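Student: Okay, here's the structure, questions in a sec.
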Amino acid sequence: MTAWNVQLKAWGALRENESMARHTTLGVGGPARWYFKPENRDAVIHAMKCIPSDLPLLPLGRGSNLLVSDDGFSGLVMDLSCLSGIYRDGKQVTAEAGARMNKLSQRCADAGLAGLEFMATVPGDMGGGIAMNAGAFGQQVSDTLQWVEVVNIDGESVRLDAKMLDMAYRHTRLPEGSLVLSACFELQPDEPEAIKQRMRTMRKKRSSTQPLEKPNCGSVFKNPPGDHAARLIEAAGLKGFRVGGACISAKHANFIINEGQARSSDVRELIRHTRQTVEQRFGIRLEPEVCTLGDKL
Ligand SMILES: Cc1cc2nc3c(=O)[nH]c(=O)nc-3n(C[C@H](O)[C@H](O)[C@H](O)COP(=O)(O)OP(=O)(O)OC[C@H]3O[C@@H](n4cnc5c(N)ncnc54)[C@H](O)[C@@H]3O)c2cc1C
């Protein structure tokens with residue numbers, strides 16, 4: 001029987017020891033042992049059927065919420081950017097996992113469909129948005145999500161009602177080892193110009209309050225109930241605090257920025273120090289929002 005990696009090469013680009021710093025917005029992280037970029041949906045499903053069940057798998061969107069260890073990842077990263085379709089049927093919009101969230105929100109606004117405006121400010125893909133239950137400005141993915149289609153570890157595609165995913169603030173429970181292929185949202189009709197105006201206001205607020213000019217991974221910590229992680233970090237005097245090439249943004253205290261030469265270990269050390277300092281000062285343990293791959297925090 002042909003080895004799984006030889007089979008995969010017929011379905012897309014398979015690379016070995018691919019630097020994850022190139023595939024994360026924070027720009028840090030060591031190599032992935034295998035990096036597979038399938039060429040289409042059939043290739044994604046085929047890959048799920050033939051990769052060994054004991055090989056760790058990471059579905060990858062835009063890497064905008066990922067901190068990968070300097071030691072890299074010993075499994076297979078599957079880049080889902082080939083799945084970029086967006087389809088409309090009345091008030092329902094179905095998007096594939098690799099569709100960029102800002103493109104999805106723009107398409108919905110053009111069609112006069114409201115509910116995904118916040119996605120204009122989130123730099124990830126729709127699949128990552130589902131996995132994280134992304135949200136901002138009082139909206140989140142779970143508000144309008146109807147169903148998701150996943151492919152499981154046996155290579156079967158299954159449609160799951162949104163109610164089965166246990167979605168909460170920055171939390172979604174996807175079946176173990178599965179990845180999202182597509183998702184359907186039910187939206188509300190509204191004037192396109194009114195929707196676009198809300199999106200402009202959100203974008204403007206973002207660019208004035210977040211350090212978007214430097215590599216980062218968005219909010220590092222979840223907001224604790226009734227408070228804001230940024231407020232606590234700032235009150236602990238940590239704005240501008242640095243470890244190696246990683247620094248707590250002076251513009252937004254819940255953002256860590258890569259000043260250019262940061263290593264993943266610098267970011268982890270900064271996260272540990274921030275958690276420890278905030279816990280000592282306020283008795284509140286911050287929970288990371290960023291997904292980590294490799295070393296534990
Ligand atoms: C400047 C900036 C601003 C941000 N603002 C916000 C914000 O306002 N609100 C917010 O919620 N987030 C925000 N984020 C964080 C991030 O953009 C979101 O979490 C986004 O949903 C991640 O999408 P992604 O495609 O980049 O996912 P990735 O970072 O590639 O992956 C994140 C996780 O999702 C999993 N995943 C990705 N695709 C799939 C798939 N198809 N199936 C199953 N699992 C998958 C990955 O394995 C990983 O565990 C921000 C980030 C940045 C850099």
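The values are calculated or read from the model by the stated rules, or taken from the named source; none is laboratory data. Since the model is a prediction, treat every value here as computed from it, not as a measurement. Every residue, glycine among them, receives a Cβ derived from its backbone with ideal geometry; neighbour counts consider all protein chains shown.
Student: Going through segment 214-239 one residue at a time, which ones are over 19 Å from the mean Cα position of the chain (by Cα) and either surrounded by fewer than 12 Cβ atoms within 10 Å (Cβ to Cβ) or within 20 Å of G124 (Cα to Cα) (or both)?
Tutor: Hits for segment 214-239 are P225, G226, G237.
Student: I130: part of a helix (DSSP H, G or I) and either surrounded by fewer than 22 Cβ atoms within 10 Å (Cβ to Cβ) or touching a strand residue (DSSP E or B) at 6+ places or on another chain (Cβ under 8 Å) (or both), yes or no?
Tutor: Taking the combined requirement at face value, the residue satisfies it.
Student: Of the residues that make up segment 53-72, is at least one over 30 Å from C184 (Cβ atoms), within 12 Å of the ligand (Cβ to nearest atom) and crowded, with 18+ Cβ neighbours inside 10 Å?
Tutor: yes
Student: So G124 clears everything in (1) surrounded by 22 or more Cβ atoms within 10 Å (Cβ to Cβ); (2) over 21 Å from K103 (Cα atoms) except one condition, right? Which one?
Tutor: (2)
Student: With the checklist (1) in contact with a Pro (Cβ under 9 Å, 6 or more places away or on another chain); (2) within 14 Å of the ligand (Cβ to nearest atom) in hand, flag the one item R285 doesn't pass.
Tutor: For R285, the exception is condition (2).
Student: When you go through A162, A136, A168, A131 one by one, which is the residue that is more than 14 Å from the ligand (Cβ to nearest atom) and at pLDDT 95 or above?
Tutor: A162
Student: Which of (1) more than 19 Å from the chain's Cα centre (by Cα); (2) exposed (fewer than 15 other Cβ atoms within 10 Å of the Cβ) is the odd one out, the single condition S157 does not satisfy?
Tutor: Unmet for S157, out of (1) more than 19 Å from the chain's Cα centre (by Cα); (2) exposed (fewer than 15 other Cβ atoms within 10 Å of the Cβ): (2).
Student: Six or more apart or on different chains, Cβ atoms under 9 Å: show the pairs whose first residue is in segment 70-98 and closer than 29 Å to G29 by Cβ and assigned to a loop (DSSP other than H, G, I, E, B) and whose second is away from the ligand (no atom under 11 Å from the Cβ) and modelled with pLDDT under 95.
Tutor: Within 9 Å, the pairs are D70/G294; D70/D295; D71/G294; D71/D295; G72/G294.
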